[in-house]
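Report on the structure given below.
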Amino acid sequence: MKYSELFTRTSKNIPAEADSANARFLVQGGFVHRETAGVYSYLPLGLRVLRKIEQIIRVEVEMMGGQEILMPVLSPKENWVTTNRWDTFDVLFRLTGVQGKEYALGATHEEIVTPLVGDYIFSYKDLPIKVFQIQNKMRNELRAKSGILRGREFSMKDLYSFHANQEDLDVYYDFVKKSYLKIFKKLGFDSNITYITYASGGAFSKFSHEYQVLSDVGEDQIYVCEKCHVAVNHEILDEQKTCPECNNSNLVSKKGIEVGNIFKLGTKFSDAFGIKYADKDGVLKPVVMGCYGIGPSRIMGTLVEIFNDEKGIIWPKSIAPYQVHIVSIGDVAKDADKLYEKLMSEGIEVLYNDRDGRAGAKLNDADLIGIPLRLVISSRTLEKGSVEWKERSNNDAEEVKLDNVVELVKKYYLK
């Protein structure tokens with residue numbers, strides 16, 4: 001992508017509502033556009049990041065046996081009445097359509113997925129079933145804040161599993177619990193800052209599990225067991241004062257951002273909709289369910305909170321909008337174009353700042369946008385047959401030969 005063809009621009013102005021790093025840098029860098037509190041449009045750069053996050057998640061969830069579907073944002077009131085949540089789900093957006101028919105905007109999708117999958121369950125041979133979607137959720141949050149970390153509209157991957165019994169659910173639940181850690185690692189979160197966190201299981205089980213990433217701007221207070229590398233959410237500390245895995249009582253208080261959670265739903269929703277299956281003896285039994293969520297948009301915001309400096313964002317390689325940022329300085333358009341075309345022809349994703357402008361402004365834009373690798377081409381470097389190579393995560397720059405650039409970029413992304 002040539003920057004001259006990109007309709008968005010960076011901004012020097014810090015947004016008035018920027019109460020966090022992601023709320024500042026994502027707007028300044030031209031990744032998102034704030035429409036109102038908690039509601040953002042994703043611009044070309046931001047959408048590329050979001051789609052890469054979603055794809056990493058999608059591939060891993062399919063490996064967990066998940067089959068992708070897409071459910072509606074709009075759901076009928078009667079489904080929510082069936083589960084007794086129409087009047088009790090406090091952040092539910094409710095609206096009235098033609099002829100007075102009432103609907104809810106999808107804050108969560110148990111009310112849709114349960115009867116949907118139930119239409120395809122007849123006997124034990126049909127189970128287990130695992131379906132997932134990546135869909136926008138709408139929640140009427142009292143206080144939307146922290147940029148895309150807590151929005152009124154946000155992206156969510158929700159996986160639902162349907163089982164013949166509790167034992168089968170327990171096995172799959174533990175499988176997902178471990179698999180989620182692999183997802184977060186691929187997204188760029190170091191295992192040292194990512195914690196499986198025990199939280200209240202509510203009416204369903206003793207515990208549910210959250211995935212918390214340590215951050216000073218986190219809303220959640222968690223208590224970390226440094227022996228087991230797990231944590232306990234503050235909300236259940238009265239009941240669970242020690243590590244659930246090793247009984248260690250020396251837990252350390254930290255702040256975290258929740259980026260995922262998993263629940264055992266039991267038969268709450270299958271009972272409400274009358275979803276049963278016939279066992280080997282023809283006896284009807286209730287279907288047992290689990291729910292497993294990850295928020296792609298929240299992950300995007302969390303990555304910015306963790307990977308930034310005073311200049312801007314420092315994207316991990318796996319989800320950066322582009323792999324290389326070419327910056328041309330001076331009258332070198334012909335040579336810069338050749339470098340751009342050469343990298344593109346090798347399948348390397350390139351953002352090329354071909355606009356007129358001062359060198360300082362272009363370099364500042366590169367730091368703000370945060371693509372992992374910056375290549376500067378100028379008359380000075382061309383005299384030596386080279387370009388300036390600088391990694392966004394490193395303060396030092398070096399010169400590399402033009403002829404070696406493609407090979408070096410490929411090696412850099414294999415590290």
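The values are calculated or read from the model by the stated rules, or taken from the named source; none is laboratory data. Source: prediction; values computed, not measured. Cβ: placed from backbone, ideal geometry, glycine included. Neighbour counts: every protein chain shown.
The table that follows gives values for the structure above.
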{"quantity": "Residue in the range 139-156 that is aromatic (Phe, Trp, Tyr) and touching an Asp or Glu at 6+ places or on another chain (Cβ under 8 Å) present", "calculated": "no"}
{"quantity": "Single residue of 2, 52 found to be among the basic types (Lys, Arg) and buried (at least 18 other Cβ atoms within 10 Å of the Cβ)", "calculated": "52"}
{"quantity": "Test for residue 66: is it closer than 30 Å to residue 371 by Cβ, buried (at least 20 other Cβ atoms within 10 Å of the Cβ) and in contact (Cβ under 8 Å) with a residue 24 or more places away in the chain", "calculated": "no"}
{"quantity": "Check on residue 235, among the acidic types (Asp, Glu) and either at positive phi or at pLDDT below 95 (or both)", "calculated": "yes"}
{"quantity": "Residue check for residue 73: touching a Phe, Trp or Tyr at 6+ places or on another chain (Cβ under 7 Å), surrounded by 14 or more Cβ atoms within 10 Å (Cβ to Cβ), touching a residue at least 60 places away in the same chain (Cβ under 8 Å) and of a type outside the set (S, T, N, Q)", "calculated": "no"}
{"quantity": "Residue pairs meeting the criteria (Cβ under 7 Å; at least 6 apart or on separate chains; first under 18 Å from residue 285 (Cβ atoms), in the range 146-165; second assigned to a strand (DSSP E or B))", "calculated": "161/130; 161/289; 161/290; 162/129; 162/289; 163/288; 164/277; 165/288"}
{"quantity": "Cβ-Cβ under 7 Å pairs, at least 6 apart or on other chains, the range 171-200 side farther than 18 Å from residue 301 by Cβ, far side part of a strand (DSSP E or B) and charged (D, E, K, R)", "calculated": "173/264; 197/210; 199/210"}
{"quantity": "Wholly enclosed helices (runs of 4 or more DSSP H) of the range 317-415 bearing at least 2 residues of a type in the set (Asp, Glu) and under 27 Å from residue 7 (Cβ atoms)", "calculated": "333-345, 359-369"}
{"quantity": "Counted residues, the range 137-149 - those being crowded, with 19+ Cβ neighbours inside 10 Å and either farther than 21 Å from residue 87 by Cα or of a type outside the set (A, V, I, L, M) (or both)", "calculated": "7"}
{"quantity": "Odd one out for residue 104, checked against (1) closer than 22 Å to residue 160 by Cβ; (2) of a type in the set (Gly, Ala, Ser); (3) at pLDDT below 95", "calculated": "(3)"}
